[in-house]
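Contents: one structure, followed by commentary.
The values are calculated or read from the model by the stated rules, or taken from the named source; none is laboratory data. Everything quoted here is computed from the prediction, not taken from an experiment. Cβ placement follows ideal geometry from the backbone for every residue including glycine, while neighbour counts extend to all protein chains displayed.
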Amino acid sequence: MRFLRKRWKTVLFILILAGFLVVLKDARQDFLSYFQSFNRWIFLESVVVVVITFALFSILSKWKSPVFEHKLPWDFSTESMLDFSVWGWLLITLFFLNIPFVAKMEELIFRGDLFGRGTAGWEEGVWRSILFGFVHYVFGVHVKTAILIVFLGLWFTWHYLHGGVPESTLYHATVNFAALAIWFFSFLGKGNK
């Protein structure tokens, strides 16, 4: 039991890795179909949204409020889980390869019809986007990040209402790729200082 208390992140990582390996076949198919649907306008729109989100995050970060700094006791943030050891690089690689699959699952859960019916309109879309942000908060992001994720959820809802799960998944995956790339390069930049 003492071993588990000291190594809970490693145990959690192994469980996540096992989960990724179980869905690897579906993830590979989603990864390939994502790149077949991709075009430069989707990329440009998503990058603009990510840059705006990062700018808003920067503004919220300057606003020192206990509410915005609140975090749940567990820490699944990227800084805590990824110390850029072998495990960190493996986790980043697995996440990168599974971004379209994870985006598809999140879209099915939060906007699609996984639980009976899809989002019917904007009123329901707002509530589902709030739930989308809250679930990310429960998984360890700061309140300010969860608030921004709610706005991203609204943007995904707009795409869902115009093109269903395939369109919202395409934009969701592109935002995740862009955010991961920006985070990755900013993290590397911090290491050079």
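Take the stretch 100-139 and flag every residue that is basic (Lys, Arg) and under 12 Å from residue 168 (Cα atoms).
Across the stretch 100-139, the qualifying residues are 104, 111.
What pairs can you find where one residue is in the stretch 93-117 and in contact (Cβ under 8 Å) with a residue 40 or more places away in the chain, the other is among the basic types (Lys, Arg) and buried (at least 16 other Cβ atoms within 10 Å of the Cβ), and their Cβ atoms are less than 7 Å apart, with a gap of 6+ or different chains?
110/128; 111/128
Suppose the filter is basic (Lys, Arg) and at pLDDT below 80; does residue 104 pass it?
It is false that residue 104 is basic (Lys, Arg) and at pLDDT below 80.
Please indicate, with yes or no, whether at least one residue in the stretch 159-172 is crowded, with 21+ Cβ neighbours inside 10 Å and farther than 13 Å from residue 103 by Cα.
Taking every residue of the stretch 159-172 in turn, at least one turns out to be crowded, with 21+ Cβ neighbours inside 10 Å and farther than 13 Å from residue 103 by Cα.
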